[in-house]
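For reference, the structure is listed below as structure tokens.
The values are calculated or read from the model by the stated rules, or taken from the named source; none is laboratory data. Here the structure is a predicted model, which is why all the values come from computation and not from measurement. Cβ sites come from the backbone with ideal geometry, for glycine too, and all protein chains shown count toward neighbours. We work out accessible area using only protein heavy atoms, side chains counted, and drop any ligands, DNA or RNA first. Shrake-Rupley method; radii C 1.70, N 1.55, O 1.52, S 1.80 Å.
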Amino acid sequence: MTAKILDGNALAQKLRADFKTRAEALAARGTRPGLAVILVGEDAASQVYVRNKVNACAQAGFHSEKISYPPEVEAQVVLEKIAELNADPKIHGILVQLPLPKHFDSDAVLKAIAPAKDVDGFHAENVGALVQGQPRFIPCTPYGVMQFLADAGIDPKGKEAVILGRSNIVGKPMAMLLMQASATVTICHSQTRDLPFHTRRADILVAALGRARFVTAEMVKPGAVVIDVGINRLPDGKLCGDVDFGPVSEVASAITPVPGGVGPMTITMLLANTLEAAEREVA
Ligand code: GUN
């Protein structure tokens with residue numbers, strides 16, 4: 001079997017065309033969707049992600065602001081900025097790029113964001129709403145994964161879904177969404193015994209553990225849908241996912257590539273959340 005490649009760039013383009021139209025409709029009513037991105041420190045990957053987020057806003061006709069701080073900035077300065085953005089009518093979404101430097105209490109920073117502007121969906125109030133099945137904002141990466149499945153006509157209902165990774169950003173919200181879509185969900189992590197036992201049962205396998213080419217063909221059930229959330233840099237500078245793409249694509253029925261899979265969809269769903277926040281305000 002050779003897997004269908006789930007093209008994140010193509011799907012992102014399709015969705016973003018719709019967002020642009022909706023943003024224009026809002027602009028005609030005097031509101032331009034606005035996103036503020038806060039970056040603390042000099043992490044190279046975070047700088048690239050933030051730049052991509054800001055550029056995506058510009059292309060979709062959104063207003064955006066990037067606020068950068070040196071790594072040694074005091075937490076209070078960032079908290080005051082968040083309070084200012086919470087009250088700023090030009091801003092509908094606020095995102096603090098993670099990870100923050102070690103001297104920050106990340107939970108306290110995320111809780112300082114007004115829940116109605118928390119476009120990452122990381123605030124405890126929004127996590128609670130998601131768990132209760134009434135999400136205000138769906139975290140961008142798992143939201144993007146669900147869009148892939150919907151676009152490819154893959155209904156999780158009754159399927160075995162196995163997630164590798166239990167992070168707040170991907171693994172946990174991914175599990176909630178797949179469970180709410182009526183899949184039977186297993187979350188695996190670094191302490192899981194006999195990982196291949198679990199992965200080989202998966203009809204839908206989501207890899208979000210951050211280890212290059214960790215998922216091999218032997219770990220995948222023939223015909224499975226494989227979603228690769230990993231972005232790892234190889235010693236030669238090339239990017240690769242958590243899945244050994246070539247051999248796994250001979251076994252799976254559908255697979256996302258890296259780059260060009262989940263990555264563009266994560267940013268797209270950030271635009272979706274920002275737009276939804278602006279639309280809610282105008283409604
Ligand atoms: N760092 C890695 N992924 C994310 C994300 O989705 N949002 C934020 N804010 N930081 C991240």
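For the reader, a short list of remarks on this structure follows.
- If the condition is being under 19 Å from the mean Cα position of the chain (by Cα), closer than 19 Å to Ala12 by Cβ and at pLDDT 95 or above, then region 22-48 contributes Leu35, Val37.
- Scanning region 1-23 for residues that are surrounded by fewer than 20 Cβ atoms within 10 Å (Cβ to Cβ) and not in a helix (DSSP H, G or I) turns up Met1, Thr2, Lys4, Ile5, Asp7.
- Counting residues in region 24-44 that are open to solvent by 70 Å² or more (accessible area, probe 1.4 Å), part of a helix (DSSP H, G or I), without any contact (Cβ under 8 Å) to a residue 12 or more places away in the chain and acidic (Asp, Glu) gives zero.
- So Ala183, is it more than 16 Å from the ligand (Cβ to nearest atom), in contact with a Lys or Arg (Cβ under 8 Å, 6 or more places away or on another chain) and open to solvent by less than 30 Å² (accessible area, probe 1.4 Å): yes
- If the condition is being open to solvent by less than 10 Å² (accessible area, probe 1.4 Å) and more than 23 Å from Lys238 (Cβ to Cβ), then region 206-224 contributes only Ala224.
- Of all residues in region 120-171, those satisfying the criterion of being without any contact (Cβ under 8 Å) to a residue 24 or more places away in the chain and farther than 22 Å from Ile5 by Cβ are His123, Ala124, Glu125, Asn126, Gly128, Ala129, Gln132, Gln134, Pro135, Arg136, Arg166.
- Hits in region 122-145 - residues which are closer than 14 Å to Gln180 by Cβ and either of a type in the set (Phe, Trp, Tyr) or within 13 Å of the ligand (Cβ to nearest atom) (or both): Ile138, Pro139, Pro142, Tyr143, Val145
- Within region 111-146, the set of residues being open to solvent by less than 50 Å² (accessible area, probe 1.4 Å) and either at positive phi or among the polar types (S, T, N, Q) (or both) comprises Gly121, Asn126, Gly133, Thr141.
- Residue that is nearest to the chain's Cα centre (by Cα), among those in region 155-166 that are crowded, with 16+ Cβ neighbours inside 10 Å and more than 17 Å from Leu195 (Cα to Cα): Pro156
- The single condition from (1) closer than 28 Å to Thr31 by Cβ; (2) not in a loop (DSSP other than H, G, I, E, B) that Ala108 fails is (1).
- When region 91-110 is filtered for residues that are surrounded by 14 or more Cβ atoms within 10 Å (Cβ to Cβ) and within 14 Å of the ligand (Cβ to nearest atom), the ones remaining, listed by number, are Gly93, Ile94, Leu95, Val96, Gln97, Leu98, Leu100, Pro101, Phe104, Ser106, Val109, Leu110.
- Subset of region 71-80 [more than 15 Å from the ligand (Cβ to nearest atom) and either within 18 Å of the chain's Cα centre (by Cα) or not in a loop (DSSP other than H, G, I, E, B) (or both)]: Ala75, Gln76, Val77, Leu79, Glu80
- Filtering region 53-80 to residues that are under 22 Å from Thr141 (Cβ atoms) and surrounded by 15 or more Cβ atoms within 10 Å (Cβ to Cβ) leaves Lys53, Val54, Ala56, Cys57, Ala60, Phe62, Ser64, Lys66.
- Test result for Leu39, more than 30 Å from Ile255 (Cβ to Cβ), out of contact with any strand residue (DSSP E or B) (no Cβ under 6 Å at 6 or more places or on another chain) and within 16 Å of the ligand (Cβ to nearest atom): no
- The set of residues in region 244-265 being open to solvent by 30 Å² or more (accessible area, probe 1.4 Å) and in a helix (DSSP H, G or I) consists of Phe245, Gly246, Pro247, Gly263.
- Applying the set (1) away from the ligand (no atom under 16 Å from the Cβ); (2) in contact with a His (Cβ under 9 Å, 6 or more places away or on another chain); (3) farther than 14 Å from Ile227 by Cα to Arg193 leaves exactly one unmet item: (2).
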